[in-house]
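The values are calculated or read from the model by the stated rules, or taken from the named source; none is laboratory data. Worth saying up front: this structure is predicted, and the values here are computed from it rather than measured. Because the Cβ atoms are built from the backbone with ideal geometry, glycine has one as well, and the counts that use them run over all protein chains shown. Ligands, DNA and RNA are excluded from the accessible area calculation, which covers all protein heavy atoms including side chains. Shrake-Rupley method; radii C 1.70, N 1.55, O 1.52, S 1.80 Å.
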Amino acid sequence: RSGGDEKGRLVLEKLDRTDSQVNGSFVIAPYTMTRINLRQGFRSEDGAHNGNIGLDWSQIEQRNYIGNDTVSAVYGDYSLSLENQTLQMVGRYSQTDRDINGENSRLINYFASHNYRFDDNLTVTSNAMYNDNRLVYLLNEDFVRSAGSYMQLSSSASWRPEDEEIPLSVSGGLFFLDTSSSYNGPASSAQSLSGNLSATYSYNSNLMLSAS
């Protein structure tokens with residue numbers, strides 16, 4: 001692992017190369033494995049912005065056939081923290097490949113969350129999530145291709161009157177969902193959209209009225 005200031009330099013987390021015939025491991029087929037991990041981190045002087053980005057890569061070369069098994073991934077995250085809002089984002093892309101028979105896979109993950117306070121009385125929170133996968137593998141000498149995706153979007157808000165003497169609170173939200181999947185053929189998909197709105201009025205300690 002290399003040192004240095006992570007705010008402006010690429011950090012080499014790990015570089016490994018292993019030979020099964022050299023390290024004395026008992027294996028059925030000799031192989032050579034190479035792994036590389038890189039990471040870049042940054043942080044603003046005021047601490048409001050923080051983030052990381054990285055690369056993981058590994059390859060296994062077996063000497064009893066022509067071809068390699070390769071796994072690679074790129075990932076990152078970012079966060080923002082201000083007086084009236086916060087933001088978080090996380091993403092990852094990974095892929096595997098097997099040269100000898102063409103099997104492969106791909107996976108995408110993403111998540112984001114944002115919270116914004118307009119004032120002491122109104123707050124809005126929004127979230128987004130996305131997952132996508134693709135898989136190709138051999139089954140009884142035939143290729144099987146499967147895929148699936150999932151996306152979720154949501155937003156909610158809460159409000160109270162500026163006059164604290166008014167015991168009223170109102171909240172509402174929207175929710176959207178999109179899914180799809182396939183297995184050796186056309187994809188099937190489904191979508192849904194829903195919302196809600198509610199209000200609560202606390203008349204006194206013994207009586208509370210609510211509607212939705």
query = Is it the case that the range 202-212 has a residue that's closer than 30 Å to Arg98 by Cβ and over 24 Å from the mean Cα position of the chain (by Cα)?
reply = no
task = Look at Gly91 and say whether it is in contact with a strand residue (DSSP E or B) (Cβ under 9 Å, 6 or more places away or on another chain) and over 23 Å from Gly67 (Cβ atoms).
result = yes
query = For the range 165-177, what are the residues that are at pLDDT below 95 and either within 17 Å of Ala128 (Cβ to Cβ) or open to solvent by 50 Å² or more (accessible area, probe 1.4 Å) (or both)?
reply = Glu165, Ile166
query = Where in the range 71-140 are there strands (runs of 3 or more DSSP E), lying fully within it, with 3 or more residues that are loosely packed, with under 15 Cβ neighbours inside 10 Å and modelled with pLDDT under 95?
reply = 122-139
query = Is there any pair linking a residue in the range 49-60 that is free of Cβ contacts under 8 Å to residues at least 40 places away in the same chain to one that is of a type in the set (Val, Ile, Thr), with Cβ under 6 Å and at least six apart or on different chains, and which?
reply = Leu55/Val74; Trp57/Ile36; Ser58/Val71; Gln59/Thr34; Gln59/Thr70
query = Any idea which of (1) small (Gly, Ala, Ser); (2) open to solvent by 40 Å² or more (accessible area, probe 1.4 Å); (3) under 30 Å from Thr70 (Cα atoms); (4) modelled with pLDDT of 95 or more is the one Ala187 doesn't satisfy?
reply = (4)
task = Starting from the range 16-44, keep only residues that are over 18 Å from Trp57 (Cα atoms) and in a loop (DSSP other than H, G, I, E, B), then list their pairs with residues that are at pLDDT 60 or above and hydroxyl-bearing (Ser, Thr, Tyr) whose Cβ atoms are within a distance under 8 Å, requiring at least 6 positions of separation or different chains.
result = Ser20/Tyr31; Ser20/Thr32
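Looking for whichever is surrounded by fewer than 11 Cβ atoms within 10 Å (Cβ to Cβ) and in a strand (DSSP E or B) here; the options are Ser198, Ser180, Ser194, Ser202. Which one fits?
Among Ser198, Ser180, Ser194, Ser202, only Ser194 is surrounded by fewer than 11 Cβ atoms within 10 Å (Cβ to Cβ) and in a strand (DSSP E or B).
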Boolean, Thr179 is free of Cβ contacts under 8 Å to residues at least 40 places away in the same chain and under 30 Å from Tyr203 (Cβ atoms) = no
note = Every listed condition ((1) part of a strand (DSSP E or B); (2) modelled with pLDDT of 70 or more; (3) open to solvent by less than 70 Å² (accessible area, probe 1.4 Å)) holds for Glu61 save (3)
message = Here is a check on your reading of the model: is Gly51 surrounded by fewer than 16 Cβ atoms within 10 Å (Cβ to Cβ) and among the small types (Gly, Ala, Ser)?
response = yes
